Amino acid sequence: MTEKEMIQKNIEEFSRLQGYMILADKESETYKAMKVRYIELKVILASSGINLTELDRIKE
């Protein structure tokens, strides 16, 4: 898998995960588990040089 494909995959996962997080109760264990992955993806994308300003709907 090329770097471009990995970045695209991570962006798609980040977007999909945020959609699930928006629907979930913020106090639920499910939300807390999703937030861990959300933070991981933010770090991966930021370190890849992706500007998250437009992509990040959760902003946590």
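The values are calculated or read from the model by the stated rules, or taken from the named source; none is laboratory data. Keep in mind the model is a prediction, meaning the values are calculated, not measured. Glycine also receives a Cβ, built like all others from the backbone with ideal geometry; neighbour counts cover every protein chain displayed. Only protein heavy atoms, including side chains, enter the accessible area calculation; ligands, DNA and RNA are left aside. Shrake-Rupley method; radii C 1.70, N 1.55, O 1.52, S 1.80 Å.
Quick rundown of the values:
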read-out: Relative contact order (%) - the chain, alpha-carbon pairs under 8 angstrom, separation at least six; value: 40 percent
read-out: Most to least accessible of GLU27, GLU5, GLU13 (protein chains only, probe 1.4 Å); value: GLU27, GLU5, GLU13
read-out: Of LYS9/LYS59; LYS9/LYS42; LYS26/LYS59; LYS9/LYS32, pairs whose Cα-Cα distance is over 18 Å; value: LYS9/LYS59; LYS9/LYS32
read-out: The stretch 1-54: trypsin sites (Lys or Arg not before Pro) falling in loop per DSSP and having at most 14 other Cβ within 10 Å; value: LYS26
read-out: Accessible solvent surface per residue of the chain, calculated while the other protein chains remain in place, 1.4 angstrom probe, Å²; value: 72 Å²
read-out: Neighbour cut-off at most 12 other Cβ (10 Å), DSSP loop, chymotrypsin sites (Phe, Trp or Tyr not before Pro), the chain; value: none
read-out: Prolate/oblate/rounded label for the chain (Cα gyration tensor, a/c 1.5); value: prolate
read-out: Distance from the stretch 3-23 to the stretch 42-60 (C-alpha centre basis), Å; value: 10 Å
read-out: Percent carbon-and-sulfur accessible area, the chain, ignoring ligands, DNA and RNA, probe 1.4 Å; value: 57 percent
read-out: Residues of type aspartates and glutamates that LYS35 reaches as a straight line, Cα spacing below 15 Å, ignoring anything fewer than 8 places off in the same chain; value: GLU13, ASP25, GLU27, ASP56, GLU60
read-out: Folded to 0 to 90 degrees: helix 3-23 orientation relative to the chain principal axis, Cα; value: 10 degrees
